Amino acid sequence: MSLRGRHLLSIEDLDVQEIELILKTARSFKEISTRPIRKVPTLRGKTVINIFFEPSTRTRSSFELAAKRLSADAVNFNVSTSSVAKGESLIDTGRNLQAMHPDLIVVRHSLAGAPALLATHCKGSCVINAGDGMHEHPTQALLDALTICEHKGRLEGLKVAIIGDIKHSRVARSNALLLRKMKAETWVCGPPTLLPVGFESYGVQVTHHMEEALTDADVIMLLRAQRERQQEIFYPSFKEYSMLYGLDRRKMKWAKPDAIVMHPGPINRGIEIDQEMADGAYSVILEQVSNGVATRMAVLFLLLGASEDPGI
Amino acid sequence: MKLLFHGGRVVDPSQGLDTTADILVDNGKIARVGKIAKNRSWQIFDVSGLVLAPGFVDMHVHLREPGGERKETIQTGSEAAVAGGFTSIACMPNTDPVNDSPALTRYILERARQTDLVNVFPIGAVTRGSRGEELAEIGVMYRAGIVAVSDDGNPIQHHQLVRRALEYIKLFDIPLIDHCEDRLLAAGGCMNEGAVSTRLGLRGASRTAEELHVVRDVMLSRITGGRVHIAHVSARESLDWIRQGKRHGAAVTCEVTPHHFTLIDRDIGDYNTNFKMSPPLREREDVQAMLEGLADGTIDCIATDHAPHTSLEKDTTFEEAANGVIGLETAVSVAVDRLVHGGVISWSRLVELMSCNPSRILRLDRGTLRVGAIADITVIDPDRQITVDTAQFKSKSRNCPFQGWKLRGAPVMTVVSGRIVYHA
């Protein structure tokens, strides 16, 4: 089993053994980020280009840190001031990147399928999808799985409830795919307007009622209520959304006592999660951020395949 | 010069024919049909084993000229048409500028006359600039030669305007060809809304967006008596309404494209933009409904919605890619292979769908091999094996979803007004 030279465009590309390998590798990399010198020479001489067509600070920094801690040379391609802003097509951008011979390209784009398109035009480089439109965000699902495993020791048989704007969420899609592959009992919950047609095809349970989703849940994953989207057509107000779907102490009582609360960030305090829950003992939101770096280190390492032994 | 087509299977539902017969063409007209003794002074074609039908009519084509000559011209579109077995095509008005004036209609006819391959029948815009706000000068365009009106590609949202248009066109006995799509319900979707769009993370267009305008048109044709022709039906519910409308005597007809009776949303695969068009590919049950509609008479015509685009419009992300696929050079083979050899319909029914009915809807003096009729003939080899190869197309564009398909049956000769304009 090897991921060397592959792309990571979708969780669908990975089988159970490959997911377990990534999680195992990520666990072994976590320790590096706690050392006084947070750097190993594993990917020395490798070049990683981050190209983000959609604004993102957190994910881009996470990938950049991951590359740097493995001694790869990481370059951020700034879309807003580049040729892209001058009207260059995605394929031409891909060809130009290819001409610089990077080993790996991390791409985020507002349109589904853009990383796949880039991958077909950048032969010789691995491409990682760091989020494409409403399609997928595979490294987010992997870091979420790592976080769950650290707390629960497994994924199989856990009840995981994904709450919120399922329709527009690439995080929900990647997580649904991964959790079902790993045999977690997966629920999605949100207002009927934000649950897209055919989501049952992921093999998940669909409900619109928080009590049903949260009852005896081991893991609660909240999604961001997107302020930037025209939401009035999907629900009347944040206040009403918060009343129905915002996680608070009262709703939390339905879940198991040792349930954990997750969020891909950035959080809207007081909308999908209240202050107490965001900062409380249940919350593992900041661990997700830490695990993000380790997971991305693992993916970079495995795709660039320096050797099967991390040597750390 | 007289032409004799000897020993072919003549399929002409306009006179109830499906029999082995010879056809004599004289001075561009059908002179005789039946058993004809050969005469040395004639040009004689042995067409035994081949099917001869009244020339095929594609009533839904985008020729792109003027304004879109990078994608197609009247010349290349005509070459594609005759290579695909069509003797007549009707071209949609969404050129740049839009064909909403007699000057543009005459320009298209003049360019077609210079090309001199296929009969080109222009379709005029319903509204000025196809903006959906006020009626275009339909009467003067009609005098210049349009055979129908349509705002294809810019579906009219204004119901009262559609009603007035349907009333007005009764003056000229031409149909309004409607691309049925409620823009608000479609909500910018770029493929069929369903489990596949959810998986791909693409915005879906609800089938109801089509259905709603089909219902509207059926209702408005009933109260106005104006003829409405529903373009490229894609959803099974739409067909149900059309079937019901016909039963109640509404002046409604409809067409289906080869891609909508063969392909489904799942075929988009990994964001293949050659499977993006409007209306979008639907689901397995919709394809099944189209096949039933083709067989039971609910569907009147097969039309291609030939919509050329270059790689500039197609080699991009799915959402950004232009809508449309080309079809002139594959329609006959797809229809013969899937419908006739597939046991869905008879040869006679195929000829109705691709020649007689579109001629009747557009009131063309075509679609028949009766003695005295204009000698437009489509000759098909029912057993010729082909592999679709876009590199060989006459069309300027390559956006074809059937690339690589192996099909049985192909057009081998196209005769327009007694002249052989294509011979494989």
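Residues in the stretch B:407-419 carry Karplus couplings, in order, of 10, 10, x, 7, x, 10, 8, 10, 10, 10, 6, x, 10 Hz; the curve used is 6.51 cos²θ - 1.76 cosθ + 1.60 with θ = phi - 60°, and Gly or Pro positions show x. Within the listed set B:Gly327, B:Gly201, B:Gly188, the Gaussian network model of chain B (springs between alpha-carbon atoms below 10 Å) gives the highest mean-square fluctuation for B:Gly201. Mean per-residue shielding of peptide A:110-118 is 6, counting Cβ atoms of other chains within 10 Å of each Cβ. Under a Cβ-Cβ cut-off of 11 Å, what is the net charge of the residues other than B:His213 that fall near it, where Lys and Arg count +1 and Asp and Glu count -1? With Lys, Arg at +1 and Asp, Glu at -1, the net is -4.
Between A:Leu223, A:Ser28, A:Gly113, the Cα set farthest toward the positive side of the dipole of chain A (charges on each charged residue's Cβ, about the Cα centre) is that of A:Ser28. Under 5 Å from the amide H of B:Met59 lie the amide H atoms of B:Ala90, B:Thr304, each residue being 5 or more positions distant or on a separate chain, with H modelled from the backbone and absent for Pro and chain starts. Summary value for the stretch B:123-201: 28 percent relative contact order, contacts being C-alpha pairs under 8 angstrom separated by 6+ residues. Working from Cα pairs under 8 Å separated by at least six residues, relative contact order for the stretch B:55-361 is 16 percent.
Dividing the convex hull volume of the alpha-carbon atoms in the stretch A:108-209 by its residue count gives 107 Å³ per residue.
A simple count of charges around A:Tyr202, restricted to other residues whose Cβ falls under 9 Å of its Cβ and scoring Lys, Arg +1 and Asp, Glu -1, yields +2.
Rank B:Arg32, B:Arg247, B:Arg164 by mean-square fluctuation in a GNM of chain B with C-alpha springs under 10 angstrom and give only the top-ranked residue. Residue with maximal mean-square fluctuation among B:Arg32, B:Arg247, B:Arg164: B:Arg247.
For the set A:Lys123/A:Lys167; B:Lys314/B:Lys406; A:Lys159/A:Lys251; A:Lys68/A:Lys152, the pairs lying more than 27 angstrom apart at their alpha carbons are A:Lys123/A:Lys167; A:Lys68/A:Lys152. Within 10 Å of the Cβ of each residue in A:171-177, the mean number of Cβ atoms contributed by other protein chains is 1.
Rounded to the nearest 5, the antiparallel percentage of DSSP beta bridges internal to the protein assembly as shown is 35%.
The shape of the stretch B:55-361 comes out rounded: with a ≥ b ≥ c from the C-alpha gyration tensor, a/c is under 1.5. For chain A, a Gaussian network of Cα nodes joined below 10 Å ranks A:Thr120, A:Thr47, A:Thr147 by mean-square fluctuation, and the top entry is A:Thr120. Selection among B:Leu52, A:Phe199, B:Val126 by position relative to the dipole of the protein assembly as shown gives B:Leu52 as farthest towards the positive end (Cβ unit charges, Cα centre).
The separation of the stretch B:105-166 from the stretch B:28-73, counted between C-alpha centres, amounts to 26 Å.
At 15 Å minimum axial length over the Cα atoms and a Kyte-Doolittle cut of -0.5, report the qualifying DSSP H helices in chain B, or say none.
Qualifying helices, which must be both long enough and hydrophobic enough, are B:207-224, B:284-296.
In loop segments of the stretch A:200-287 as defined by DSSP, the GluC sites (Glu not before Pro) with at most 12 further C-beta atoms inside 10 Å of their C-beta are A:Glu228, A:Glu232.
Shielding by partners for peptide B:192-198, expressed as the average number of C-beta atoms from other protein chains within 10 Å of each residue's C-beta, is 5. Estimated from the Cβ-Cβ distance and a Förster radius of 41 angstrom, the FRET efficiency linking A:Thr193 and A:Glu287 is about 0.80.
Do any trypsin sites (Lys or Arg not before Pro) in the stretch B:117-153 lie in a loop, going by DSSP, with at most 15 other beta-carbon atoms within 10 Å of their beta carbon, and if so which? Sites meeting the loop and neighbour criteria: B:Arg131.
Quote the charge dipole size of chain A about the Cα centre in Debye, to the nearest 20; the model charges only the Cβ of Lys and Arg (+1) and of Asp and Glu (-1).
760
Relative to the current alpha-carbon distance between B:Ser348 and B:Ser48, full extension at 0.36 nm per residue lengthens the span by 106.2 nm. Here the Karplus curve 6.51 cos²θ - 1.76 cosθ + 1.60, taken at θ = phi - 60°, turns the phi angles of the stretch A:205-220 into couplings of 8, 10, 9, 10, 10, 4, 4, 5, 5, 8, 4, 6, 6, 8, 9, 10 Hz, with x standing for Gly and Pro.
When the helices of chain B are scored as -39500 (n - 2.57) per DSSP H run of n ≥ 4 and the total is divided over every residue, the value at 222 nm lands at -7500 deg cm²/dmol.
Taking amide H atoms as placed 1.01 Å from N in the peptide plane, the amide H of B:Asp22 lies under 5 Å from those of B:Gly7, B:Gly34, B:Lys35, B:Ile36, each 5 or more residues away in sequence or on another chain.
Less than 5 angstrom separates the built amide H of B:Ile44 from those of B:Leu4, all sequence-distant by 5 or more or on a different chain. Taking the Cα centre of the protein assembly as shown as origin and assigning +1 to Lys and Arg Cβ atoms and -1 to Asp and Glu Cβ atoms, the resulting dipole is close to 800 debye.
When its C-alpha radius of gyration is set against 2.2 N^0.38 Å (N residues), the protein assembly as shown gives a value of 1.12.
About its Cα centre, the stretch A:138-286 has a charge dipole of approximately 260 debye under the convention of +1 per Lys or Arg Cβ and -1 per Asp or Glu Cβ, with nothing else charged. Counting only DSSP beta bridges whose two residues both lie in the stretch B:55-361, roughly 5 percent are antiparallel. Its DSSP H runs of at least 4 residues, each contributing -39,500 (n - 2.57), put the calculated 222 nm mean residue ellipticity of chain A at -11000 deg cm²/dmol, to the nearest 500. For the stretch B:295-338 versus the stretch B:347-424, the spacing of their alpha-carbon centroids is 15 Å. The stretch A:24-63 and the stretch A:89-146 have Cα centres separated by 16 Å. List the residue ranges in chain A for DSSP H helices whose C-alpha atoms run 18 angstrom or more along the long axis and whose Kyte-Doolittle average is 1.0 or above. Membrane-span-like by this rule: A:285-304. For chain A, the relative contact order works out to 21 percent when only alpha carbon pairs closer than 8 Å and six or more residues apart are counted.
Read-outs throughout are calculated quantities, based only on the coordinates presented, and are distinct from any laboratory measurement. Owing to the predicted nature of the structure, the values given are computational and were not obtained by experimental measurement. Quick reminder, even Gly has a Cβ in these numbers, built from the backbone with ideal geometry, and neighbours come from all protein chains shown.
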